[in-house]
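S.K.: Provided herewith is a single structure, encoded as structure tokens, for subsequent inquiry.
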Amino acid sequence: MENFIVSARKYRPSTFSTVVGQPSITQTLKNAIINHHLAQAFLFTGPRGVGKTTTARILAKTINCENISASAEACNSCPSCLTFNSGQSLNIYELDAASNNSVDDIRALVDQVRYPPHLGKYKVYIIDEVHMLSQSAFNAFLKTLEEPPSYAIFILATTEKHKIIPTILSRCQIFDFSRISVEDIAKHLAVIATKENVNAEEDALHVIAQKADGALRDALSLFDQLVSFAGNHLRYRDVITNLNVLDYDYYFRITEDLLAGNMSSVLLVFNEILNHGFDGHNFINGLASHFRDLLVCKDIETLVLLEVSQNIREKYKIQSGNCGSSWLLELLEIADKCDMGYRTAKNQRLHVELALIRMCSTGKSNNTITEYSKKKAESAAGNNSPAGIKEGAAAVPSDPAVKTTPAGGQSKSPQPVSATPQPPPVTSSPASRGTKTISISKGLYKSTENGSNQAAESLPELSGKFTQQELEIAWNDVATSVEKQGKISLHTALVKRKPELRENNKVHFVLDSAAIEKDFSEMKSELLAFLRKQLSNTQIQVETVVELRTDDTSTPYTPSEKFRKMAASNPAMHELRKRFDLDIEY
């Protein structure tokens, strides 16, 4: 049976022009060869699989070539090149510092440097993983590295430059290799697939390139693995199945369901993802990246930031046309909060599901669903179906308001006629008049000098049902916003007790201080507007009751309350105040 050679070795670059994704480094080295400005020591650093050792070998072969071309490329036909290609060159030494990291190994290397080359101009020493050398080995290498013979050149390669001592770094020309772009890896894989007679889909090669994370060697290893799995026809579906990658189709489907306000379908798709063995944390991160890509598609100039194939890019352009920028930003904020709290959540599945429910509610609150349904209805009326996504990819779900008849036609179910949008009623208290309030409703109301709250955007009449748990979640968001405004006392009061949901959408809350009641009254209108928007219900009313507490467990808020609290435990405070005639600041 014929021995199999992996693609990473079989198609290893042999000239500077065949190195992938490092044009600036290869051009610099070629210019140094042409101008005879070769340094005595080089340090190639960068991530794994980006061509450090390969470039070092090409440099070693080229400078010993007897017939260098005008473009500083090796001829691959002279005796020096032939011996190098067959692995028999006596002028090139490769040392693995991971297993030869002692002082004795470096001393043996230094002894070899004293003998000139038998064939060619230079003796080249390639030391891979040089950061693994011990401190003593580095010190033994310093003198030779600084003043080597004229025919000796050292090329050091490492993935961890920070572990190399500064005295070594100062003696080398440092070349930082960058990660190879997804597009460059996909193009290189396409060339190799053609040479191997493999019919590979463009989408499949892009998924391999993204999975490789900038390392060409990893991409070639994955390519060999997938060809063994799928044969000579490499399809997108086979790639995502074998590499356990979450399909783009799921993200397109969830976004369409969010646009349509179909909460049940969103939760069912998430359940399907979990049943396929994917992690909820990876899903929410991928969904956030999907929203980011949709936001990038809103501007033609930023389309180049999408590292996807042309087919997937067209799907992004189509879906981004139905999504508003402000809506996508709100979804990104919800996904980011879910990502940060995922690891600390006790019930991680519920944590993600609550985030998806909030995303659906966000679509209701800013009329994104209404506009999307209207756009689809107009398109259906004109017999022009929206540009969809082909079968097997991200299919656009049908509008819930459109029913399919047995004959294949469409009949619209009657829709309730919404009333003219009116701003939600604002309750004001005497304490809030004539004062400047602070808005916590994320732009829903603007602050004015005379204390009147003008609606920055009006809400339609909403009467969505909500539970005690959803109320507490929204209440905690309010408390967090108050804390960011610097009102620590009010924040403490809001988190100390829980609001109580009563009949007719009334929220009952107990305060234990008259001073806190005053602060609460000043922000009551903003708090009310925030709750109405967050819970999609414009009929919510907040009623507060002050229950003055005289026991020691009550929390002091005002300076006088704090003084009485301290004096109760230390009566000498009264004597101190009288003796020095002290007053309490207000």
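Just so it is clear, none of the values below were taken in a lab; they were calculated from the coordinates. Everything numeric here is computed off the predicted structure, so don't read it as measured data. Virtual Cβ from ideal backbone geometry, glycine too; neighbours counted across all protein chains shown.
S.K.: In whole Å, what are the extents of the stretch 75-200 along the principal axes defined by its C-alpha atoms, from largest to smallest?
M.R.: Here the Cα extents, ordered largest to smallest, are 53, 38, 25 Å.
S.K.: Could you list log10 I(q)/I(0) for the stretch 182-242 at q = 0.15, 0.16, 0.22 Å⁻¹, which the Debye formula gives when each Cα is one point scatterer?
M.R.: The computed values of log10 I(q)/I(0) come out as -0.33, -0.38, -0.75.
S.K.: Work through the residues other than Tyr342 whose Cβ is under 14 Å from its Cβ and net out their charges, Lys, Arg +1 and Asp, Glu -1.
M.R.: 0
S.K.: Let me ask something else. What residues qualify as long-range amide H neighbours of Leu43, i.e. H under 5 Å apart, gap of 5 or more or another chain, H built at 1.01 Å from N?
M.R.: Amide H to amide H, under 5 Å and 5 or more residues apart or across chains, Leu43 pairs with Leu156, Gln173, Ile174, Phe175.
S.K.: Which order results if Arg532, Arg564 are arranged by neighbouring Cβ count within 10 Å, fewest first?
M.R.: If I rank by nearby Cβ atoms, fewest first, I get Arg564, Arg532.
S.K.: Turning to a different aspect of this structure: May I ask you to compute the full-extension gain from Asp336 to Lys163, defined as 0.36 nm times their residue separation minus their alpha-carbon distance, rounded to one decimal in nm? Let's see the in-between values first.
M.R.: On the way: separation 173, 0.36 × 173 = 62.28 nm, distance 3.43 nm.
Once the chain is fully extended between Asp336 and Lys163, it gains 58.8 nm.
S.K.: If you stretched the chain out fully between His118 and Val542, how much longer would it get, using 0.36 nm times the residue separation minus the C-alpha to C-alpha distance? Kindly include the intermediate steps, with their values, before the conclusion.
M.R.: On the way: separation 424, 0.36 × 424 = 152.64 nm, distance 9.24 nm.
So the extension gain works out to 143.4 nm.
S.K.: Let me ask something else. With Rg and the Kirkwood Rh both taken from Cα atoms, where does Rg over Rh land for the stretch 7-176?
M.R.: With Rg and the Kirkwood Rh in hand, the quotient comes to 0.94.
S.K.: Here's another thing I want to ask about it. Test of understanding: what is the full-extension gain from Arg497 to Thr18, defined as 0.36 nm times their sequence separation minus their Cα-Cα distance?
M.R.: Gain in length upon complete extension: 165.6 nm.
S.K.: Calculate the length of the line joining the C-alpha centroid of the stretch 469-490 to that of the stretch 50-126, in whole Å.
M.R.: A separation of 67 Å, based on Cα centres.
S.K.: Tell me, what is the percent relative contact order of the stretch 211-298, built from C-alpha pairs under 8 Å that lie six or more residues apart?
M.R.: 16 percent
S.K.: Where does each of Leu222, Leu169, Leu189, Leu267 land when they are ranked from fewest to most other beta-carbon atoms within 10 angstrom?
M.R.: Result, fewest neighbours first: Leu169, Leu267, Leu222, Leu189.
S.K.: Per residue of the stretch 514-520, what does 6.51 cos²θ - 1.76 cosθ + 1.60 with θ = phi - 60° give for ³J(HN,Hα)? Whole Hz please, x for Gly and Pro, Karplus curve as stated.
M.R.: Taking θ as phi minus 60°, the curve returns 5, 5, 5, 4, 5, 4, 5 Hz for the stretch 514-520.
S.K.: For each of Tyr122, Tyr115, count neighbouring Cβ atoms within 10 Å of the residue's Cβ, then give the residues from fewest to most.
M.R.: Numbers: Tyr122 19, Tyr115 11.
Sorted ascending by nearby Cβ count, the order is Tyr115, Tyr122.
S.K.: Further question on the same structure: Could you tell me which of the pairs Lys61/Lys163; Lys337/Lys498; Lys337/Lys484; Lys498/Lys524; Lys506/Lys533 are separated by over 18 angstrom between their Cα atoms in the structure shown?
M.R.: Lys61/Lys163; Lys337/Lys498
S.K.: Placing +1 at every Lys and Arg Cβ and -1 at every Asp and Glu Cβ, with all other atoms neutral, what dipole size does the stretch 182-242 have around its Cα centre, in debye to the nearest 20?
M.R.: For the stretch 182-242, the charge dipole is close to 120 debye.
S.K.: Here's a follow-up. How large is ³J(HN,Hα) for each residue in the stretch 123-139, as worked out from phi by the Karplus curve 6.51 cos²θ - 1.76 cosθ + 1.60 (θ = phi - 60°), to whole Hz, x for Gly and Pro?
M.R.: 9, 10, 10, 9, 10, 8, 6, 5, 5, 7, 5, 6, 4, 5, 5, 4, 5
S.K.: For Leu511, what residues show an amide H to amide H distance below 5 Å, using hydrogens built from the backbone and excluding near sequence neighbours?
M.R.: Val545, Val546, Glu547
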